[in-house]
1. Mind checking which residues of the stretch 9-23 are more than 8 Å from the chain's Cα centre (by Cα) and in a helix (DSSP H, G or I)?
2. Could you tell me which residue of the stretch 24-69 is surrounded by the most Cβ atoms within 10 Å (Cβ to Cβ), considering only residues that are of a type in the set (Lys, Arg) and part of a loop (DSSP other than H, G, I, E, B)?
3. Can you find a residue that is under 16 Å from Glu67 (Cα atoms), at pLDDT 85 or above and surrounded by 13 or more Cβ atoms within 10 Å (Cβ to Cβ) anywhere in the stretch 7-22?
Amino acid sequence: MSTSHDRTTDRDESVVAAVARLRAEFRHRSPANVEPVVAACRRDLDGSPPGALPELVERLARQRLLEPS
């Protein structure tokens, strides 16, 4: 049985690609801090058109990573 949570794992191409690019972009942060942000963004965007997810996930995650803690 598949749930929406399953789509936020490493099997989700929108998450894998965004994590890789954002880890490089945010080198000054621990890589462990990037993945949870990307996964949360993917969950928040559940229901968005699948073709738009890679870009939407990365843009939202980038914005959240840029926000002051």
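The values are calculated or read from the model by the stated rules, or taken from the named source; none is laboratory data. What you see is a predicted model, and the numbers here were worked out from it, not measured in a lab. Glycine also receives a Cβ, built like all others from the backbone with ideal geometry; neighbour counts cover every protein chain displayed.
1. Initially, the stretch 9-23 is screened for residues more than 8 Å from the chain's Cα centre (by Cα), giving 9-13, 17, 20-23.
Result: Glu13, Ala17, Ala20, Arg21, Leu22, Arg23.
2. Looking only at the stretch 24-69, we keep the residues that are of a type in the set (Lys, Arg), and these are 27, 29, 42-43, 59, 62, 64.
Then keep just the ones that are part of a loop (DSSP other than H, G, I, E, B); that gives 27, 29.
On the way: Arg27: 9, Arg29: 13.
Looking at the filtered set, the residue picked out is Arg29.
3. Let us first name the residues in the stretch 7-22 that are under 16 Å from Glu67 (Cα atoms), namely 22.
Applying the additional criterion that residues be at pLDDT 85 or above yields 22.
Adding the requirement that they be surrounded by 13 or more Cβ atoms within 10 Å (Cβ to Cβ) leaves 22.
Yes, the stretch 7-22 contains a residue that is under 16 Å from Glu67 (Cα atoms), at pLDDT 85 or above and surrounded by 13 or more Cβ atoms within 10 Å (Cβ to Cβ).
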